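Q: One structure follows; several queries about it will come next.
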Amino acid sequence: MNKSNNYYYLLRLEYLGFRYHGWQKQPDVKTVQYMVDRTLNFIFENEKFKTLAASRTDAMVSATDQLIQLTLSLHVETDFLIQQLNLNLPNDLRIKAIEEIDKKFNIINRPKIKEYHYYFSFGEKPHPYCAPFMINYKDDLDIEKMKKCASFFEGTHNFREYCYRPKEGKDFFKEILHCKIEENHYLTANFFPKNSYVLIVKGRGFLHHQIRLMMGTLIKVGTGQLDESHILGSLNGKGEYPAGFIAPASGLHLYKNTLL
């Protein structure tokens with residue numbers, strides 16, 4: 001695209017990821033970016049455009065605050081753009097806000113804090129409608145013990161054990177600004193179980209499947225399969241205390257992107 005004739009917009013998008021194979025376009029599967037680009041192509045026909053997202057969510061992961069940088073060869077009013085996008089996007093995608101930005105803005109390099117939520121319950125199997133939003137574990141969980149161990153992730157640690165298929169030479173040190181388990185009052189519905197919980201994690205960046213591996217490890221703490229010393233040992237990068245399983249994707253939500 002010829003940058004001298006382009007216009008730039010920041011879109012805030014929310015979506016239910018249950019029927020999509022993540023954000024990024026891939027051959028032969030339906031993704032969120034594919035649906036956004038297809039809609040833009042329908043609205044603007046032959047106009048050139050490009051979309052970049054702040055976070056590449058995985059398959060079945062939802063978002064309430066995905067940031068998208070749109071480069072467009074045509075200048076449009078933001079009210080018109082949000083109206084046309086929401087008119088033509090599928091019902092499980094919605095644009096919350098749009099603002100025009102400077103061409104120097106870079107969504108990838110711009111410092112930001114990402115907040116993820118992982119919703120879960122345990123015990124009696126809940127209503128099937130819960131499946132796109134939260135994960136249910138049939139075993140009883142010691143929530144108080146899980147809360148204590150979640151706090152161990154806060155700070156800067158070597159998260160190699162919490163990276164799916166780690167590659168040599170990669171920097172595994174990440175800073176977790178906030179990691180807490182609370183009762184869920186963020187996402188509610190009349191078909192949700194009476195008691196549900198949420199793992200809240202904030203940081204500037206995460207490794208592949210990091211939060212889902214953290215969640216899977218905390219679940220093993222809750223069932224008594226792992227203890228506090230295992231969590232602490234897993235953060236030294238020596239490989240002596242492997243993380244637990246990768247928690248299912250549909251419980252994970254990109255809750256908020258804060259630009260710094």
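Q: Looking at segment 212-239, I want the residues that are under 15 Å from LYS145 (Cβ atoms) and of a type in the set (A, V, I, L, M) and have a partner that is open to solvent by 50 Å² or more (accessible area, probe 1.4 Å) and modelled with pLDDT of 95 or more with Cβ atoms under 6 Å, at least 6 apart or on another chain. Which pairs are those?
A: Filtered contacts from segment 212-239: VAL221/LYS145; LEU226/LYS220.
Q: Looking at segment 68-86, is at least one residue out of contact with any helix residue (DSSP H, G or I) (no Cβ under 9 Å at 6 or more places or on another chain), surrounded by fewer than 16 Cβ atoms within 10 Å (Cβ to Cβ), under 22 Å from GLN210 (Cα atoms) and in contact (Cβ under 8 Å) with a residue 12 or more places away in the chain?
A: For segment 68-86, residues out of contact with any helix residue (DSSP H, G or I) (no Cβ under 9 Å at 6 or more places or on another chain), surrounded by fewer than 16 Cβ atoms within 10 Å (Cβ to Cβ), under 22 Å from GLN210 (Cα atoms) and in contact (Cβ under 8 Å) with a residue 12 or more places away in the chain: absent.
Q: Go through segment 106-125 and count every residue that is open to solvent by 30 Å² or more (accessible area, probe 1.4 Å), in a loop (DSSP other than H, G, I, E, B) and in contact with a strand residue (DSSP E or B) (Cβ under 8 Å, 6 or more places away or on another chain).
A: 5
Q: Taking SER62, is it among the hydroxyl-bearing types (Ser, Thr, Tyr) and in contact with a Gly (Cβ under 9 Å, 6 or more places away or on another chain)?
A: yes
Q: Residues of segment 171-188 being of a type outside the set (Ser, Thr, Tyr), surrounded by 12 or more Cβ atoms within 10 Å (Cβ to Cβ) and not in a strand (DSSP E or B), which ones?
A: Matches in segment 171-188: PHE172, ASN184, LEU187.
Q: Taking the condition of being modelled with pLDDT of 95 or more and open to solvent by 50 Å² or more (accessible area, probe 1.4 Å), how many residues in segment 140-170 meet it?
A: Total meeting the criteria: 10.
Q: In addition: Please count how many residues of segment 49-85 are more than 17 Å from THR31 (Cα to Cα) and in a helix (DSSP H, G or I).
A: Number of matching residues: 7.
Yes/no matrix, rows are residues, columns are (1) out of contact with any Phe, Trp or Tyr (no Cβ under 6 Å at 6 or more places or on another chain); (2) among the aliphatic types (A, V, I, L, M); (3) open to solvent by less than 60 Å² (accessible area, probe 1.4 Å):
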{"site": "LEU207", "(1), (2), (3)": "no, yes, yes"}
{"site": "GLN210", "(1), (2), (3)": "no, no, yes"}
{"site": "VAL221", "(1), (2), (3)": "yes, yes, yes"}
{"site": "ASN236", "(1), (2), (3)": "yes, no, no"}
{"site": "ASN257", "(1), (2), (3)": "yes, no, yes"}
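Q: In segment 40-48, is there at least one residue being under 28 Å from LEU187 (Cβ atoms) and surrounded by 14 or more Cβ atoms within 10 Å (Cβ to Cβ)?
A: Scanning segment 40-48, I find no residue that is under 28 Å from LEU187 (Cβ atoms) and surrounded by 14 or more Cβ atoms within 10 Å (Cβ to Cβ), so the answer is no.
The values are calculated or read from the model by the stated rules, or taken from the named source; none is laboratory data. This is a predicted model, so every value here is computed, not measured. Counting neighbours? That spans all protein chains shown, and the Cβs are built from the backbone with ideal geometry, glycine included. Heavy atoms of the whole protein, side chains included, go into the accessibility calculation; ligands, DNA and RNA do not. Shrake-Rupley method; radii C 1.70, N 1.55, O 1.52, S 1.80 Å.
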